[in-house]
Amino acid sequence: MISSENKLGLCIACIVLVCVVATIGNSTNTPWLEMPFEAFNGIAFSFGYFFRLSAMWAYACSSAFFISLFAVSFWLGEIVVRFFCRRR
């Protein structure tokens, strides 16, 4: 069974991920459904351009970026929920 800390951490991680994707995708004139694709390509382009990576490595780094962003925001969300749950 999933604890309430994990559920709220997951919600916080999803909110952070959606906000980052919306922020990156909002810089282009694309429909809302294409924003995740634009954000992923934008981060991959940045890795490829600034670090002179090949396309394969740029997309791998972009994937690692979004996975680590989700994991870190989940972890921070769990810590925040534990802090506020103990305060009650």
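Since every read-out is calculated from the coordinates, none of them should be taken as a lab result. On a predicted model such as this, the values are computed, not experimentally measured, just so you know. A quick note on method: Cβ atoms are made from the backbone with ideal geometry, for glycine too, and the neighbour counts reach across all protein chains shown.
The figures follow:
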item	result
Qualifying positions in the stretch 20-33 - of a type in the set (Ser, Thr, Tyr) and in a loop (DSSP other than H, G, I, E, B)	Ser27, Thr28, Thr30
Residue pairs meeting the criteria (Cβ under 8 Å; at least 6 apart or on separate chains; first within 13 Å of Phe66 (Cβ to Cβ) and in contact (Cβ under 8 Å) with a residue 60 or more places away in the chain, in the stretch 19-36; second assigned to a helix (DSSP H, G or I) and β-branched (Val, Ile, Thr))	none
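This table checks each residue for (1) assigned to a helix (DSSP H, G or I); (2) surrounded by fewer than 15 Cβ atoms within 10 Å (Cβ to Cβ).
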| position | (1), (2) |
| --- | --- |
| Lys7 | yes, yes |
| Ile15 | yes, yes |
| Val18 | yes, yes |
| Met35 | yes, no |
| Gly42 | yes, no |
| Phe45 | yes, yes |
| Leu53 | no, no |
| Ser62 | yes, no |
